[in-house]
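See below for the structure under consideration.
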Amino acid sequence: GTSQLGTNDDVNHAFSPYNNFYYIPQSELRGRFDMKGPASESYREYPAKATGNNRFDSYPDATDWYETVKLNYGVDYQNGGTCHFDPIPDTWHKMLDILLFWAGKNIDGFRCDMAEMVPVEFWEWVIPQVKAAYPSILFIAEVYNPGEYKNYLFRGKFDYLYDKVGLYDTLRAVTCGQGSATDITRSWQSLGGIETRMLNFLENHDEQRIASDFFAGDPRKAIPALIVSACMNTNPMMIYFGQEFGEPGMDSEGFSGRDGRTTIFDYWSVDTIRRWRNGGKFDGKMLTEKQKYIYDTYQRILTLCNEEKAISQGAFFDLMYANIGGWRFNEHRQYTFLRKYESELLLFVVNFDHLSADLAINIPAHAFSFLQMPQINQYEATDLLSGRKESISLLPYKATNVAVEGYGGKILKIKL
């Protein structure tokens, strides 16, 4: 019983607070790219509409978001971004209707693409109304401007934000040898207390696959980054389909081309997913040994995130400041931290280098007081990744010795 977006628009106005779209009046869409074929011949857009990436003319090119029409939330971009929110724009009501429709399909939540290109006032208005009807539904925002993080979390009412320009960019640089592991500390510290509201990830549809030639070339190289991203806080971790098998994303698909990403523009299938499905059996028997190893590693780490309360609920202590310039610790290629819940302590050590390392890790006195840890010369620790046991010391005046394989890590569990 609702009218479609644009049904009642006055197309003679480039902007009207009552319109659902932005128009280029008296101009037909003339894309500056190959528009040949039956689809283009049957499609006519008059007057042309603004594209999703703010192209306000009728001549988008192949790099514009020409397949996405920009919705009018009441902002007049032609006049310096003047806002018209009184009365509530018609687009707001239609979008509320759309969100409630999908929420009623028992979905888990919404991932809102480029949410910062939509006025925060809209999210502030719409999210509480959706949550009033569906209290458990999640709203995740793709926001790339750190200066807007708190605005979209606290005013806009989002549950989580993409941590792309912070932790993702940092871990990618460290994995590829272009950044220092000390940058990980700076990354979480820059969030100023909202780190539990960030969504961590190492792959998504916008980014190149870890195993692609454009990123690490080998999914094993990112295992240290996976441990850090999944285990350093209580916030969620997103896994992109095929990542858990080491999908390289090196196909030459249609529009996307061979760019290390998995296309979202073309009908396509993914080799690792086909192997895992194995004709619908989902038994993974057709996966290669390397793919099985990556899959087992992901399963082990992600299961620990849910089973170990020190990860899902515990306190976090970054040990890097006490290990800068360590005589047996390379702060640029290794990262270490503690997690603690009640009497359970986890010591995390990851190695971004290809060489194995025998490390001496300093645990400062402040860690013992902050986490209320007893000082003991010898503990029996269990590496949760391998199941092997080893003896370690936890003392503020004596380094803790830990051996870590190249592109590997340890999660040492200690009962205090």
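The values are calculated or read from the model by the stated rules, or taken from the named source; none is laboratory data. The shown structure was predicted, so the numbers you read here are calculated from the model rather than taken from an experiment. Using ideal geometry, Cβ is built from the backbone for each residue, glycine included, and neighbour counts are taken over all protein chains shown. For the accessible areas, the whole protein counts, side chains as well, though only heavy atoms, and no ligand, DNA or RNA atoms are used. Shrake-Rupley method; radii C 1.70, N 1.55, O 1.52, S 1.80 Å.
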- Task: Scan region 28-41 residue by residue and report those that are surrounded by 15 or more Cβ atoms within 10 Å (Cβ to Cβ) and either modelled with pLDDT of 95 or more or under 34 Å from the mean Cα position of the chain (by Cα) (or both).
- Result: G31
- Which numbered condition G81 fails, given (1) modelled with pLDDT under 95; (2) of a type outside the set (F, W, Y); (3) on the phi < 0 side of the Ramachandran plot: (3)
- Query: Yes or no: F21 in contact (Cβ under 8 Å) with a residue 60 or more places away in the chain and under 21 Å from P119 (Cα atoms)?
  - Reply: no
- Item | Hits in region 307-360 (condition: more than 25 Å from the chain's Cα centre (by Cα) and free of Cβ contacts under 8 Å to residues at least 24 places away in the same chain) | G325
- Given (1) free of Cβ contacts under 8 Å to residues at least 40 places away in the same chain; (2) outside any helix (DSSP H, G or I); (3) within 15 Å of the chain's Cα centre (by Cα), where does T170 come up short, assuming only one miss? (2)
- Message: Every residue in region 168-186 that is under 18 Å from L319 (Cα atoms) and open to solvent by less than 10 Å² (accessible area, probe 1.4 Å), please.
- Response: L171, V174, A181, I184
- Tell me, please, whether a residue that is of a type in the set (V, I, T) and within 27 Å of L302 (Cβ to Cβ) can be found in region 366-380. no
- Item | Selection count where residues are closer than 16 Å to E116 by Cα and of a type in the set (A, V, I, L, M, F, W, C), scope region 155-173 | 3
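Across region 341-353, what is the total count of residues that are open to solvent by 30 Å² or more (accessible area, probe 1.4 Å) and within 20 Å of I301 (Cβ to Cβ)?
3
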- Query: Looking at region 215-322, what helices (runs of 4 or more DSSP H) fall wholly within it and have at least 1 residues that are surrounded by fewer than 17 Cβ atoms within 10 Å (Cβ to Cβ) and of a type in the set (G, A, S)?
  - Reply: 309-312
- Query: Within region 83-112, how many residues turn out to be in contact with a Ser or Thr (Cβ under 9 Å, 6 or more places away or on another chain), closer than 17 Å to Y73 by Cβ and not in a helix (DSSP H, G or I)?
  - Reply: 1
- Checking F329 against (1) out of contact with any Pro (no Cβ under 9 Å at 6 or more places or on another chain); (2) closer than 24 Å to N235 by Cβ; (3) of a type in the set (F, W, Y); (4) surrounded by 21 or more Cβ atoms within 10 Å (Cβ to Cβ), which test does it fail? (2)
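Which residues, taken from region 194-214, are part of a helix (DSSP H, G or I) and touching a strand residue (DSSP E or B) at 6+ places or on another chain (Cβ under 7 Å)?
R197
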- Any residue at all in region 116-135 that is in a helix (DSSP H, G or I) and among the small types (G, A, S)? yes
- Item | Qualifying positions in region 178-191 - without any contact (Cβ under 8 Å) to a residue 40 or more places away in the chain and not in a helix (DSSP H, G or I) | Q178, G179
- Item | Residues of region 195-211 satisfying the condition of being out of contact with any Phe, Trp or Tyr (no Cβ under 6 Å at 6 or more places or on another chain) and aliphatic (A, V, I, L, M) | M198, L202, I210, A211
- How many residues of region 198-214 are surrounded by fewer than 19 Cβ atoms within 10 Å (Cβ to Cβ) and closer than 20 Å to I140 by Cβ? The answer is 3
- Would you be able to tell me the number of residues in region 119-147 that are open to solvent by 60 Å² or more (accessible area, probe 1.4 Å) and under 21 Å from the mean Cα position of the chain (by Cα)? 6
